[in-house]
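Report on the structure given below.
The values are calculated or read from the model by the stated rules, or taken from the named source; none is laboratory data. Values in this document were obtained by computation on a predicted structure and should not be read as measured data. Using ideal geometry, Cβ is built from the backbone for each residue, glycine included, and neighbour counts are taken over all protein chains shown.
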Amino acid sequence: MQIKYIRTGLFKSNSPEVIESKEKLPSLGIAEKESAINCTSFLVMKRETKILIRSVNQIDGTTRYAIDQKENPESVQFQPGGLYSPEVFLHGRIATIWSTAGSTSIYRILQQDIKMRYTKAKAYFVSKACIQLYQKGVRLTDAAQSPREGDLEI
């Protein structure tokens with residue numbers, strides 16, 4: 001199955017940023033925000049699936065364009081996670097709000113890929129590189145400002 005990645009968010013333009021392969025995702029492995037939930041995420045869809053964008057009127061009278069799962073039932077959300085600072089690595093995730101045939105098949109493919117490439121650590125899957133970072137004292141967490149008690153321990 002050929003898939004594409006579309007940056008999610010609320011944008012000034014209704015032209016989506018489409019990325020044709022995982023290897024071309026911008027800043028892969030780098031977390032640009034201090035909390036995983038605020039980091040860049042992407043819709044993952046079959047290449048032939050049309051991306052649906054909704055208009056969102058703003059209080060100031062302008063219009064923004066939302067690209068998210070709400071209008072795209074054949075999608076999965078992917079947040080890569082990554083290194084936020086030399087001391088903090090934020091988790092990534094795959095998720096979907098849909099149970100359509102398309103979203104389920106994409107989710108299973110992503111899940112199988114993760115299970116094959118990564119090691120299970122509690123509720124997470126971590127790469128060898130991430131384990132090495134942990135062994136050097138890097139925190140594996142959901143937010144830089146979170147207390148250490150909530151960090152993943154391997």
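A few comments on the model shown:
- Flag for THR63 being in contact with a strand residue (DSSP E or B) (Cβ under 6 Å, 6 or more places away or on another chain), within 30 Å of ALA144 (Cα to Cα) and either at pLDDT 95 or above or polar (S, T, N, Q) (or both): no
- Sub-7 Å Cβ pairs linking a first residue in the stretch 30-48 that is farther than 18 Å from ILE94 by Cβ to a second residue that is aromatic (Phe, Trp, Tyr), at least 6 apart or interchain, are GLU34/TYR84, ordered by first then second residue.
- Leading residue by the ranking (surrounded by the most Cβ atoms within 10 Å (Cβ to Cβ)) among those in the stretch 26-66 that are among the charged types (D, E, K, R) and within 21 Å of ALA143 (Cα to Cα): GLU34
- Those strands (runs of 3 or more DSSP E) of the stretch 109-154 in which 2 or more residues are buried (at least 17 other Cβ atoms within 10 Å of the Cβ) occupy 124-126, 139-141.
- Residues of the stretch 3-39 satisfying the condition of being polar (S, T, N, Q), at pLDDT 95 or above and either more than 16 Å from the chain's Cα centre (by Cα) or in a loop (DSSP other than H, G, I, E, B) (or both): THR8, SER13, ASN14, SER15
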